[in-house]
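Student: The structure that follows is given in the form of structure tokens.
The values are calculated or read from the model by the stated rules, or taken from the named source; none is laboratory data. On a predicted model such as this, the values are computed, not experimentally measured, just so you know. Methodologically, a virtual Cβ is constructed for each residue, glycine included, from the backbone with ideal geometry; neighbour enumeration extends over all protein chains shown.
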């Protein structure tokens, strides 16, 4: 049992030390999932919220969780992969390695979309002294890009998506309530200032305040 656990830890170490940006994406996604789960549990355990309102709020929180987790993962993964591609193709390199490439057999190849620094230079002995610097630059560049993407995702993209979806949901629910077609919330529920159902007339504003988002 301990041997399996040790191998598991070793695999984690090997994967994340070679690609710190991947660790940021995975830990950030887990953080969003735990935060969303805590939000749903808080609604479930809040005895000040009626069972009727929980029937509305819990699916809404679950939907928000999908938006939060999905947008974070897709944006950070996309930027991470794009920034890594810029380095592995040789489009962005530190000056020392760029000077080496200009005097190598790959002078006219690097920087193109089909080129791969790690595969194409694998058999080139003269590149050996530069491998450490190349790996360090790639990790720093992709990690920096991933951090930037996570900040944009958490503080700009996700709140905008939430407000757009909340506004659409608000209009739909109010329309159904006015037409007496809403099985969960009535018109009185929506117009009641003491209701815990997020007071739908001010729902997009409350989303920003209550659902905040994971700060990076």
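Student: Considering every residue within the range 11-20, establish whether at least one is at pLDDT 80 or above, over 11 Å from the mean Cα position of the chain (by Cα) and either more than 23 Å from residue 163 (Cβ to Cβ) or surrounded by 16 or more Cβ atoms within 10 Å (Cβ to Cβ) (or both).
Tutor: In the first step, residues of the range 11-20 are kept if they are at pLDDT 80 or above; the result is 19-20.
In the following step, the residues that additionally are over 11 Å from the mean Cα position of the chain (by Cα) were identified as 19-20.
When the remaining residues are screened for being either more than 23 Å from residue 163 (Cβ to Cβ) or surrounded by 16 or more Cβ atoms within 10 Å (Cβ to Cβ) (or both), the result is 19-20.
Yes, there is a match, as at least one residue in the range 11-20 is at pLDDT 80 or above, over 11 Å from the mean Cα position of the chain (by Cα) and either more than 23 Å from residue 163 (Cβ to Cβ) or surrounded by 16 or more Cβ atoms within 10 Å (Cβ to Cβ) (or both).
Student: In addition: In the range 90-102, what residues are surrounded by fewer than 18 Cβ atoms within 10 Å (Cβ to Cβ) and either out of contact with any helix residue (DSSP H, G or I) (no Cβ under 9 Å at 6 or more places or on another chain) or not in a loop (DSSP other than H, G, I, E, B) (or both)?
Tutor: Taking the range 90-102 first, the residues surrounded by fewer than 18 Cβ atoms within 10 Å (Cβ to Cβ) are 91-92, 94-96, 98-99, 102.
Scanning the range 90-102 gives 95, 96, 98, 99, 102.
Student: Considering every residue within the range 58-68, establish whether at least one is part of a helix (DSSP H, G or I), at pLDDT below 80 and touching a helix residue (DSSP H, G or I) at 6+ places or on another chain (Cβ under 8 Å).
Tutor: Scanning the range 58-68 turns up at least one residue that is part of a helix (DSSP H, G or I), at pLDDT below 80 and touching a helix residue (DSSP H, G or I) at 6+ places or on another chain (Cβ under 8 Å).
Student: Might you let me know whether the range 149-168 holds any residue that is modelled with pLDDT of 90 or more, closer than 19 Å to residue 16 by Cα and part of a helix (DSSP H, G or I)?
Tutor: Checking the range 149-168: at least one residue is modelled with pLDDT of 90 or more, closer than 19 Å to residue 16 by Cα and part of a helix (DSSP H, G or I).
Student: Provide a single number: the residues in the range 73-89 that are over 17 Å from residue 144 (Cβ atoms) and in a helix (DSSP H, G or I). Break it down into steps so the answer makes sense when it comes.
Tutor: Applying the first criterion (over 17 Å from residue 144 (Cβ atoms)) to the range 73-89 yields 73-74, 89.
From what is left, the residues that are in a helix (DSSP H, G or I) are 73-74.
Summing the residues that are over 17 Å from residue 144 (Cβ atoms) and in a helix (DSSP H, G or I) in the range 73-89 gives 2.
Student: If we scan the range 72-89, do we find a residue that is buried (at least 17 other Cβ atoms within 10 Å of the Cβ), without any contact (Cβ under 8 Å) to a residue 60 or more places away in the chain, closer than 30 Å to residue 160 by Cα and in contact with a helix residue (DSSP H, G or I) (Cβ under 7 Å, 6 or more places away or on another chain)?
Tutor: yes
Student: Next question. Among the residues of the range 19-40, are any assigned to a loop (DSSP other than H, G, I, E, B) and closer than 30 Å to residue 141 by Cα? Let's see the steps before the verdict.
Tutor: Going through the range 19-40, the residues assigned to a loop (DSSP other than H, G, I, E, B) turn out to be 19.
Narrowing the set further to residues that are closer than 30 Å to residue 141 by Cα leaves 19.
Yes, that holds for at least one residue.
Student: Of the residues 52, 119, which is free of Cβ contacts under 8 Å to residues at least 40 places away in the same chain and either assigned to a helix (DSSP H, G or I) or farther than 24 Å from residue 144 by Cα (or both)?
Tutor: Working: 52 fails: free of Cβ contacts under 8 Å to residues at least 40 places away in the same chain.
None of the others qualify; the one that does is 119.
Student: Now for a separate question. Determine whether residue 44 is at pLDDT below 85 and not in a loop (DSSP other than H, G, I, E, B). Break it down stepwise before answering.
Tutor: Details: at pLDDT below 85: no; not in a loop (DSSP other than H, G, I, E, B): yes.
Here the answer is no, as residue 44 does not meet what is asked.
Student: Moving to a separate point now. Name the residues in the range 123-136 that are surrounded by fewer than 17 Cβ atoms within 10 Å (Cβ to Cβ) and either under 12 Å from residue 98 (Cα atoms) or under 33 Å from the mean Cα position of the chain (by Cα) (or both), would you? Break it down into steps so the answer makes sense when it comes.
Tutor: As a first pass, look at the range 123-136 and keep what is surrounded by fewer than 17 Cβ atoms within 10 Å (Cβ to Cβ): 123-126, 128-129, 131-133, 135-136.
Scanning the range 123-136 gives 131, 132, 133, 135, 136.
Student: Here's a follow-up. Just to verify a result, which residue in the range 21-34, among those that are in contact (Cβ under 8 Å) with a residue 24 or more places away in the chain and touching a helix residue (DSSP H, G or I) at 6+ places or on another chain (Cβ under 8 Å), is surrounded by the most Cβ atoms within 10 Å (Cβ to Cβ)?
Tutor: Ranking the candidates gives 21 first.
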